[in-house]
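Contents: one structure, followed by commentary.
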Amino acid sequence: MILAVDVYYLENRAKSVGILFHDWEDTEPLQIISDLYDNPLEYEPGAFYKRELPCILKLIQNLDTGKLSAIIVDGYVYLNDEKKPGLGHYVYESLGSLVPVIGVAKTRFHNNESVTSKVYRGKSRNPLYVSSVGIELEKAAGHIRKMSGDYRIPQLLKILDMNTKK
């Protein structure tokens, strides 16, 4: 089972959503889960994980993470080439380094070229920036590349985004 997670912020709440699916080429999620988190921390530049991590961990607290083969987060695993931990790395560590984490970011982050792989999908000239921990980077990039959908953003990640903003 694969889990993709995202968080959307409201005034004093955060809405966390996860989609569960079996195969990288699935077109529809098997299950959509969601949770609300009251009073999330304010955004802190360079420490995004402090705001997002508690929301994600609360969302997945009732899942059997032993059945997960990977988790996809909206963001980076490493913030720079020196492997400064990003959100994905903190998710990985919080789960005992047992479940591989793949970060998928839409915008480029400075000085992290050696720890990311550009993934071009569809006819887009703009890549997705993939990073990973617990799984080889090129294997993680290959998974994101083969996800269903004709456009830059894979279909399941579009479904996740739409459900997060509902």
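Cross-link partners of residue 58 among lysines, defined as those whose alpha carbon lies under 17 angstrom from its own and excluding same-chain residues fewer than eight positions apart: 15, 50. Packing, as the average of other Cβ atoms within 10 Å across residues, places the peptides 107-114, 90-97, 68-75 in the order 68-75, 90-97, 107-114, highest first. Structure remark: mean-square fluctuation, Gaussian network model of the chain, C-alpha springs under 10 Å; the largest value among 125, 13, 152 belongs to 125. Per-residue 3J(HN,Hα) values for the range 12-19, derived from phi via the Karplus relation 6.51 cos²θ - 1.76 cosθ + 1.60 with θ = phi - 60°, read 10, 9, 10, 10, 9, 9, x, 10 Hz in sequence order (x marks Gly and Pro).
According to the square roots a ≥ b ≥ c of the eigenvalues of the Cα gyration tensor, what is the shape class of the chain, taking rounded for a/c under 1.5, prolate for a/b larger than b/c otherwise, and oblate for the remainder? Because its axes are fairly even, with a/c under 1.5, the chain counts as rounded. For a paramagnetic label modelled on residue 83 (point 7 Å from Cα along Cα→Cβ), amide N atoms under 17 Å away belong, within the range 111-148, to 112-117, 131-140. Each peptide in 28-34, 137-143 was scored by the mean count of other Cβ atoms within 10 Å over its residues; highest first, the order is 137-143, 28-34.
Readers should treat all values here as calculations from the given coordinates under stated rules, not as data from a laboratory. Note that the structure is predicted; figures quoted are calculated from it, not measured. Positions of Cβ are generated from backbone atoms using ideal geometry, with glycine treated the same way; all protein chains shown enter the neighbour counts.
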